[in-house]
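Beneath this line is the structure, given in structure tokens, with notes to follow.
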Amino acid sequence: MPNDATGAREYVKRVQADITEEARRRRASNPTLMVQEQEINQAWTRSAPSAAAVGRDAVSPAEVTEHVAHLLGCVDDLSLIHVDAPVGKRRGVRQVKGAIRLLTRWYLRYLANQISAFNHFLVDFLRSAEQRIARLEGDARAAEIMGEFVDPVPEADPVLGRAVADQLSECEGPVAVLSCGSGQIVSALVEAGVTAHGVDDSVDAVSDGVDEGLDLRAAAPLDHLSRIADGSLSGVVLTRFVERRGPVELTTLIDEALRCVAPSGRIVVAVADLGARSGPEAELLRGLGLSPQTWAHLLGKRGCVVEESELTGARVTTLVTARPQ
């Protein structure tokens with residue numbers, strides 16, 4: 001083998017050429033290899049990313065969706081296992097391979113049926129996972145749209161703060177307010193002698209209340225609730241952020257709140273009536289949030305004793321209070 005760099009490169013090229021020629025010769029002498037190579041190339045072409053996306057930093061959501069659907073289709077096509085292996089065209093070898101295929105077909109078919117059944121359920125799972133991811137991506141996009149085109153949910157007014165404090169004034173344990181904003185409800189609870197903290201996913205929203213000495217925390221409200229131990233809260237206040245969530249997430253939130261609240265505790269829901277929405281807000285928020293009456297219905301279905309109180313506030317006019325049984 002040459003010692004200099006130029007000679008080494010020439011040597012590598014000759015070896016690569018020899019390998020390529022030997023591979024071509026073997027493919028030409030064995031039709032089965034040619035067929036298998038074509039099948040591999042076709043499979044790669046089907047599953048490779050589209051040419052439009054190659055070399056680009058950004059891919060549109062539509063292209064991603066199309067590509068994922070294409071890949072799932074390929075997986076579905078390849079999920080069925082075939083037991084009839086090719087026997088080739090060479091005389092003699094073809095007959096031997098054909099006889100072996102006949103003798104082993106029953107065994108291979110038994111294995112293939114089990115693998116195909118497993119693949120079938122695996123493909124169904126992948127499709128279900130893809131649909132769930134698509135829904136999550138859609139929810140994330142909806143949140144971006146709301147943040148851009150819809151005004152934030154207003155802060156609680158003094159009437160609402162006092163009404164919530166009256167409902168929870170007998171609580172001896174801690175109370176969590178989700179989401180708290182600048183802490184109007186938390187402040188009313190503290191003035192009533194209740195140990196309370198608030199959670200909001202906006203750092204800017206809680207900053208003023210923190211400066212005033214309130215226990216306000218920047219975190220995702222549902223994530224915060226999921227980390228609280230069973231029965232460790234005397235009360236949970238659900239307000240503001242729940243007006244921008246869908247029914248599935250809200251039913252999960254109800255279950256989490258019931259888990260966190262002690263048997264003697266209470267859940268208070270302070271939301272505006274959906275009928276008060278109008279114009280662009282009504283259209284953009286369609287399908288998000290629940291009316292006070294629907295909250296009362298869902299909490300009642302969870303076995304709570306529910307009470308609805310009428311308020312004279314500017315925005316929230318009905319307060320829903322639930323006591324677990």
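General remarks:
- With respect to the stated conditions, Val236 fails to be open to solvent by less than 20 Å² (accessible area, probe 1.4 Å), in contact with a His (Cβ under 8 Å, 6 or more places away or on another chain) and among the β-branched types (Val, Ile, Thr).
- Of all residues in the stretch 101-128, those that are farther than 19 Å from Pro86 by Cβ have Cβ atoms under 8 Å from Cβ atoms of residues that are part of a helix (DSSP H, G or I) and not aliphatic (A, V, I, L, M), 6 or more apart or on another chain, in Val123/Asp76.
- Within the stretch 285-306, the residues that satisfy the criterion of being surrounded by 15 or more Cβ atoms within 10 Å (Cβ to Cβ) and either without any contact (Cβ under 8 Å) to a residue 24 or more places away in the chain or within 21 Å of Pro154 (Cβ to Cβ) (or both) are Leu285, Leu288, Gly289, Leu290, Ser291, Pro292, Thr294, Trp295, Val306.
- Cβ pairs under 7 Å, 6+ apart, first in the stretch 165-187 and assigned to a loop (DSSP other than H, G, I, E, B), second of a type in the set (Phe, Trp, Tyr) and surrounded by fewer than 24 Cβ atoms within 10 Å (Cβ to Cβ): Ser179/Phe241
- Residue count for the stretch 169-182, restricted to those that are in contact with a helix residue (DSSP H, G or I) (Cβ under 8 Å, 6 or more places away or on another chain) and farther than 17 Å from Val242 by Cβ: 1
- Complete set of residues in the stretch 188-203 that are assigned to a helix (DSSP H, G or I), closer than 17 Å to Ile267 by Cα and within 35 Å of the chain's Cα centre (by Cα): Leu189
- Residues that are out of contact with any strand residue (DSSP E or B) (no Cβ under 6 Å at 6 or more places or on another chain) and acidic (Asp, Glu), drawn from the stretch 198-227: Asp200, Asp201, Asp204, Asp208, Asp211, Glu212, Asp223
The values are calculated or read from the model by the stated rules, or taken from the named source; none is laboratory data. In this text, all values refer to a predicted model and were calculated from it rather than measured experimentally. Note that we place each Cβ from the backbone using ideal geometry, even for glycine, and neighbour counts take in every protein chain shown. Remember, those area values only see protein heavy atoms, side chains included, never the ligands or the DNA or RNA. Shrake-Rupley method; radii C 1.70, N 1.55, O 1.52, S 1.80 Å.
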